[in-house]
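Colleague: My questions will all concern the structure given below.
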Amino acid sequence: MTLLKEVQDQLTALLLTNAARSLETVLEKAQAQEWTILKTLNILLGEERNARTDKARERRLKQASFPYLATIEEFDFGFQTSVSKKQMDQLLELTWLESAFNIMFLGPPSVGKTHLAVSLGIAAVNTGYSVLFIHMDQLIHALKTQEISPKSKHRLKRLYQADLVIIDEVGFQPVNRNEANLLFGVINQLYQQTSIILTSNKGLVEWGEFMGDPVITAAMLDRLMHKCEIFNMDGDSYRLSHRETILKN
């Protein structure tokens, strides 16, 4: 066994597998550029650390369950003027996550609510926070089946462990009083502990109607809005304005 192979095996045994894979390349560069032993070791350990950081980010990104990937840079602020690039850049600093501050994007379909929510969620993942994205109907289903479905129970466990929970499409379907109670339980448990980004096609004054219980709704909004930034978004549908066609003029 060569010394190179022996060192690679030593690194692998110590669970430094990325360093083991990079060892030969790093040594070649070290020789060519006449690095010191300390610099060579630093570069090798840096390879291991960077690989672990990337792997952890990919794991958090997968666990977040985003419907798609999006960034603030891709958002058309010229088309949607209800929010500004400056406001979103401030939110991208993510200081609000440390104080369990909430964000609500309200407005009709296809004005960019989910895009902005996902963008902030991905920024949080990239910074090291754990995030869970869930549609309202998925959340209600998980709450109603958690006692009989291991999948629902696991999803809710990840929700309560997350640093940021994104609840999408609140209000697209009405909920009954029991479902509203279950949702209130989630909001109440996350209150002051976890940041929530919520998107809804309903204005706040309409919540009592689709929630089916004004009292529960008031208690829920009281907690959500205690520390919350609300964006009322309006305008035409971005999808309809940018629709594609297969017919040629």
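The values are calculated or read from the model by the stated rules, or taken from the named source; none is laboratory data. Just so we're clear, the structure is a prediction, and the values are computed from it rather than from any experiment. A quick note on method: Cβ atoms are made from the backbone with ideal geometry, for glycine too, and the neighbour counts reach across all protein chains shown. Ligands, DNA and RNA are excluded from the accessible area calculation, which covers all protein heavy atoms including side chains. Shrake-Rupley method; radii C 1.70, N 1.55, O 1.52, S 1.80 Å.
Colleague: Considering only the range 38-70, state which residues are over 25 Å from Met88 (Cα atoms), among the polar types (S, T, N, Q) and open to solvent by 70 Å² or more (accessible area, probe 1.4 Å).
Modeller: The answer is Asn42, Asn50, Thr53.
Colleague: Could you tell me whether any residue of the range 88-105 is at positive phi, modelled with pLDDT of 90 or more and open to solvent by less than 40 Å² (accessible area, probe 1.4 Å)?
Modeller: yes
Colleague: Okay, next question. Is there a residue in the range 71-80 that is open to solvent by 90 Å² or more (accessible area, probe 1.4 Å), at negative phi and not in a helix (DSSP H, G or I)?
Modeller: First, the residues of the range 71-80 that are open to solvent by 90 Å² or more (accessible area, probe 1.4 Å): 73-74.
Now drop any that are not at negative phi, which leaves 73-74.
Filter again for not in a helix (DSSP H, G or I), leaving none.
For the range 71-80, residues open to solvent by 90 Å² or more (accessible area, probe 1.4 Å), at negative phi and not in a helix (DSSP H, G or I): absent.
Colleague: Further, regarding this structure: Quick check on this structure: which one of Glu206, Glu169, Glu147, Glu179 is in contact with a helix residue (DSSP H, G or I) (Cβ under 7 Å, 6 or more places away or on another chain), at pLDDT below 95 and at negative phi?
Modeller: From the options Glu206, Glu169, Glu147, Glu179, the qualifying one is Glu179.
Colleague: Moving on. Is it true that some residue in the range 17-37 is under 30 Å from His226 (Cβ atoms) and either modelled with pLDDT of 95 or more or loosely packed, with under 11 Cβ neighbours inside 10 Å (or both)?
Modeller: no
Colleague: So, in the range 131-152, how many residues would count as being part of a loop (DSSP other than H, G, I, E, B) and surrounded by 17 or more Cβ atoms within 10 Å (Cβ to Cβ)?
Modeller: Final tally of qualifying residues: 1.
Colleague: Would you say Asp9 is touching a residue at least 40 places away in the same chain (Cβ under 8 Å) and either of a type in the set (Lys, Arg) or loosely packed, with under 15 Cβ neighbours inside 10 Å (or both)?
Modeller: The answer is no for Asp9.
Colleague: Do any residues in the range 47-61 that are hydrophobic (A, V, I, L, M, F, W, C) have Cβ atoms under 6 Å from those of residues that are open to solvent by less than 70 Å² (accessible area, probe 1.4 Å), where the two are at least six apart or on different chains, and which pairs are they?
Modeller: Every condition considered, the pairs that remain are Ala51/Asn18; Leu61/Val125.
Colleague: Shifting gears a bit: Read through the list (1) at pLDDT below 95; (2) touching a Gly at 6+ places or on another chain (Cβ under 7 Å), then give the number of the only condition that Phe133 fails.
Modeller: (1)
Colleague: Moving on. Could you list, in sequence order, the residues of the range 216-249 that are under 26 Å from the mean Cα position of the chain (by Cα), charged (D, E, K, R) and at pLDDT 50 or above?
Modeller: Selection gives Asp222, Arg223, Lys227, Glu229, Asp234.
Colleague: Here is a further query. Residues being under 25 Å from Gly107 (Cβ atoms) and either under 16 Å from the mean Cα position of the chain (by Cα) or assigned to a helix (DSSP H, G or I) (or both): count how many of those fall in the range 172-209.
Modeller: 19
Colleague: Here is a follow-up. Consider only pairs whose beta carbons are under 8 Å apart and that are at least six residues apart or on different chains; among these, list those whose first residue lies in the range 98-112 and is touching a residue at least 24 places away in the same chain (Cβ under 8 Å) and more than 17 Å from Asp234 (Cα to Cα) and whose second residue is assigned to a strand (DSSP E or B) and open to solvent by 10 Å² or more (accessible area, probe 1.4 Å).
Modeller: Phe101/Cys228; Phe101/Glu229; Asn102/Cys228; Asn102/Glu229
Colleague: Out of the residues in the range 166-217 that are touching a residue at least 60 places away in the same chain (Cβ under 8 Å) and over 22 Å from Val125 (Cα atoms), which is surrounded by the most Cβ atoms within 10 Å (Cβ to Cβ)?
Modeller: Per the criteria, the residue is Ser200.
Colleague: Scan the range 111-119 and tell me whether some residue there is open to solvent by less than 10 Å² (accessible area, probe 1.4 Å), polar (S, T, N, Q) and either in a loop (DSSP other than H, G, I, E, B) or on the phi < 0 side of the Ramachandran plot (or both).
Modeller: yes
Colleague: Could I ask something else about it? Among (1) part of a loop (DSSP other than H, G, I, E, B); (2) of a type in the set (Asp, Glu); (3) in contact with a strand residue (DSSP E or B) (Cβ under 6 Å, 6 or more places away or on another chain), there is one condition Glu169 misses while meeting the rest; what is its number?
Modeller: So the condition that Glu169 fails would be (1).
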